[in-house]
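This report concerns only the one structure given below.
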Amino acid sequence: MINRWVDSVRHWAIGFWGLVFSCVLLLTGCQSAPPVDNGVVHLTLWHGINPPSNRDVFVELVEEFNRTHSDVQVEQLYVGQADQQLPKILTAVVGNASPDMLWFDSLLTGQLVELEAIQPIEDWLDQSPLKSDIDPALLEGMELEDHLWSVPFTTSNLGIFYRPSLLEAAGVTELPETWEQFREVAQQLTRDANGDGRPDQFGMVLPLGKGEWTVFSWLPFLFSAGGEMIQDNQPTLVNPGAIAALEFWSNLLQDGSAILSQPERGYEQDDFIRGRVAMQITGPWTLGFLEQTGIDFDVMPIPKAQTAATIVGGANLFVMKTTPEREQAALKFLEYVLSEPFQVKWAIDTGALPISLKARENPDYQDYIATQPLLNVFLDQMPTARSRPNIPGYARLSENLGKAIEETLLTHSPESALEKAQRRLDLIWE
């Protein structure tokens, strides 16, 4: 889950110099394959693919690449979840022992660029027919300072999961499309079934906390209201869209139709499964889990204010700075990941959304979608999906925005909370 993100790598590096020495053996092991062996280039790829079943799919796909490429061989290495990966990535960069390729969230782009650890890839990608097959909504997450720095590996976005039986019992006959309609439906779904004067069912659960999951869940509402986080590479948190989006969440709470999650646990679905709440923000990665619970559920798009919007999740592949020969070999693997066969198998076997437009039209994938029709909600939202900014200071931006969201949910003063966050950022922003 997306619930932990990191502070600026450049500033954090000072505190991790000890890891450079403690991880030398680990990094040496990760680079154990000879760089070139009888004309064959051996590459390493670090990733944090989870759950293990998805990891098994990736291992199979890497083995297929190795079978069909006699001149390039890829060794994939699982190096832990995001918070476990980052110290290893940092140690590798400062110790000149980077892998050849890195699987990670695109939010790391700015920090890797600042550390001069990755290569831009637009000269290669602009000449490739594969570029036009990438979902255009994902280009924003590949770009920084007029360069392309990664390719998307997998993608997803957020929607509103709901319990159809609870909507039916409350007399809700049409799904809400706008904020106003959503607010009305949330009130309609809030019920005191036992007559004790206290609701035992609520319309919505909102994620409490200042971590990345809270920010991630709120950003579709910001973008829908015409708000932005950044303008000319500077934080601009106090804007009408941001105020409106925070007011909307605050209104749901003040109406009594929403409850707050446990702190920093807004991704947990216990209340949704129990029927204590009828609606929750989450993504397609929960479909398999919810199916196992046996409850009824469905998905609707994020309601809109000015325009429809959602937020992109997923992971990208970076080419690390090594040697020209190894970098060119790495591009062959990126080409493979972008290909229709890779994307179709990955999507069908993991439930992820294909980043390839052709893969989405592939007959095998269409047959799969017929068995998983809820995925169409997320596919249909992709044209309105936005990415979070790849700037080096994103972690600080997110941290302070998260504080403003949390303060609003607890005190219902959105403009004041945003002004405080903006002042904090003005003091530290370079």
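Scan the stretch 238-273 residue by residue and report those that are part of a loop (DSSP other than H, G, I, E, B), more than 21 Å from Asp200 (Cα to Cα) and in contact (Cβ under 8 Å) with a residue 24 or more places away in the chain.
Listed by number, the residues that qualify are Val238, Glu264.
Filtering the stretch 187-206 to residues that are touching a Leu at 6+ places or on another chain (Cβ under 8 Å) and within 18 Å of Ser250 (Cβ to Cβ) leaves Phe202, Gly203, Met204, Val205, Leu206. Find all pairs meeting these conditions: Cβ atoms under 6 angstrom apart; at least six residues apart or on different chains; first residue within the stretch 276-303 and without any contact (Cβ under 8 Å) to a residue 40 or more places away in the chain; second residue open to solvent by 40 Å² or more (accessible area, probe 1.4 Å). Correct list of pairs: Thr293/Ile273. Scanning the stretch 354-404 for residues that are charged (D, E, K, R) and touching a Pro at 6+ places or on another chain (Cβ under 9 Å) returns Arg360, Asp380, Arg386, Arg396.
From Glu174, Glu184, which residue is part of a helix (DSSP H, G or I), open to solvent by 30 Å² or more (accessible area, probe 1.4 Å), farther than 30 Å from Phe342 by Cα and modelled with pLDDT of 95 or more?
Working: Glu174 fails: part of a helix (DSSP H, G or I).
Going through Glu174, Glu184 in turn, the sole match is Glu184.
The residues listed here are Thr190, Thr236, Thr178; of these, the one that is touching a strand residue (DSSP E or B) at 6+ places or on another chain (Cβ under 7 Å), over 22 Å from Met300 (Cβ atoms) and not aliphatic (A, V, I, L, M) is Thr236.
The number of residues in the stretch 245-265 being open to solvent by 10 Å² or more (accessible area, probe 1.4 Å), more than 19 Å from Ala309 (Cβ to Cβ), more than 24 Å from the chain's Cα centre (by Cα) and not hydrophobic (A, V, I, L, M, F, W, C) comes to 3.
Filtering Ser70, Ser32, Ser98 for residues that are modelled with pLDDT of 90 or more, loosely packed, with under 12 Cβ neighbours inside 10 Å, outside any helix (DSSP H, G or I) and not charged (D, E, K, R) leaves a single hit, Ser70. A Cβ distance below 7 Å, combined with a sequence gap of six or more or placement on separate chains, defines the contacts here; from the stretch 150-165, residues that are in a loop (DSSP other than H, G, I, E, B) reach residues that are of a type in the set (Gly, Ala, Ser) in the pairs Ser150/Ser106; Leu158/Ser217; Leu158/Gly283; Arg163/Gly275; Arg163/Ala278. Cβ-Cβ under 6 Å, sequence separation 6+ or interchain: first residue in the stretch 401-425 and without any contact (Cβ under 8 Å) to a residue 40 or more places away in the chain, partner surrounded by 16 or more Cβ atoms within 10 Å (Cβ to Cβ) and of a type in the set (S, T, N, Q). Which pairs? Short answer, once both residue conditions are applied: Arg424/Asn400. Val319 passes every criterion in (1) crowded, with 21+ Cβ neighbours inside 10 Å; (2) closer than 30 Å to Leu427 by Cα apart from (2). Just one of the listed residues (Phe289, Phe318) is in a strand (DSSP E or B) and either at pLDDT below 95 or hydrophobic (A, V, I, L, M, F, W, C) (or both), namely Phe318. Screening Thr44 on (1) surrounded by 17 or more Cβ atoms within 10 Å (Cβ to Cβ); (2) out of contact with any strand residue (DSSP E or B) (no Cβ under 7 Å at 6 or more places or on another chain); (3) within 15 Å of Arg326 (Cα to Cα) shows it passes everything except condition (2). Within the stretch 273-302, the set of residues being among the polar types (S, T, N, Q) and open to solvent by 20 Å² or more (accessible area, probe 1.4 Å) comprises Gln292, Thr293. Scanning the stretch 126-157 for residues that are hydrophobic (A, V, I, L, M, F, W, C) and more than 15 Å from Leu357 (Cβ to Cβ) yields a total of 5.
Report yes if some residue within the stretch 328-344 is without any contact (Cβ under 8 Å) to a residue 60 or more places away in the chain and open to solvent by less than 10 Å² (accessible area, probe 1.4 Å); otherwise report no.
Step one: filter the stretch 328-344 for residues without any contact (Cβ under 8 Å) to a residue 60 or more places away in the chain, giving 328, 341, 343-344.
From what's left, open to solvent by less than 10 Å² (accessible area, probe 1.4 Å): 343.
Yes.
Residues of the stretch 73-91 being in a helix (DSSP H, G or I), in contact with a strand residue (DSSP E or B) (Cβ under 9 Å, 6 or more places away or on another chain) and either of a type in the set (A, V, I, L, M, F, W, C) or more than 21 Å from Gln111 (Cα to Cα) (or both), which ones? Walk me through it before giving the result.
In the first step, residues of the stretch 73-91 are kept if they are in a helix (DSSP H, G or I); the result is 82-91.
Cutting the leftovers down to in contact with a strand residue (DSSP E or B) (Cβ under 9 Å, 6 or more places away or on another chain) gives us 82, 85-86, 88-89.
If the condition is that a residue be in a helix (DSSP H, G or I), in contact with a strand residue (DSSP E or B) (Cβ under 9 Å, 6 or more places away or on another chain) and either of a type in the set (A, V, I, L, M, F, W, C) or more than 21 Å from Gln111 (Cα to Cα) (or both), then Ala82, Leu86, Ile89 are the ones that fit.
Restricting the first member to the stretch 199-214 and to residues that are in a strand (DSSP E or B), and the second to residues that are open to solvent by 20 Å² or more (accessible area, probe 1.4 Å) and of a type in the set (S, T, N, Q), the beta-carbon pairs closer than 6 Å and six or more apart or on different chains are Phe202/Thr190; Gly203/Thr190. Residues in the stretch 215-235 that are free of Cβ contacts under 8 Å to residues at least 40 places away in the same chain and open to solvent by 10 Å² or more (accessible area, probe 1.4 Å): Glu228, Gln231, Asp232.
Report the residue count in the stretch 130-164 for those that are open to solvent by 50 Å² or more (accessible area, probe 1.4 Å) and not basic (Lys, Arg).
Let us first name the residues in the stretch 130-164 that are open to solvent by 50 Å² or more (accessible area, probe 1.4 Å), namely 131-132, 136, 140, 143, 145-147.
Cutting the leftovers down to not basic (Lys, Arg) gives us 132, 136, 140, 143, 145-147.
Selection size over the stretch 130-164: 7.
Scanning the stretch 358-409 for residues being modelled with pLDDT of 95 or more, over 23 Å from Ala308 (Cα atoms) and of a type in the set (Ser, Thr, Tyr) gives a total of 4.
The values are calculated or read from the model by the stated rules, or taken from the named source; none is laboratory data. All figures in this text were calculated on a predicted structure; none of them were measured in a lab. Every residue, glycine among them, receives a Cβ derived from its backbone with ideal geometry; neighbour counts consider all protein chains shown. Calculation scope for accessible area: heavy atoms of the full protein, side chains included, ligands and nucleic acids excluded. Shrake-Rupley method; radii C 1.70, N 1.55, O 1.52, S 1.80 Å.
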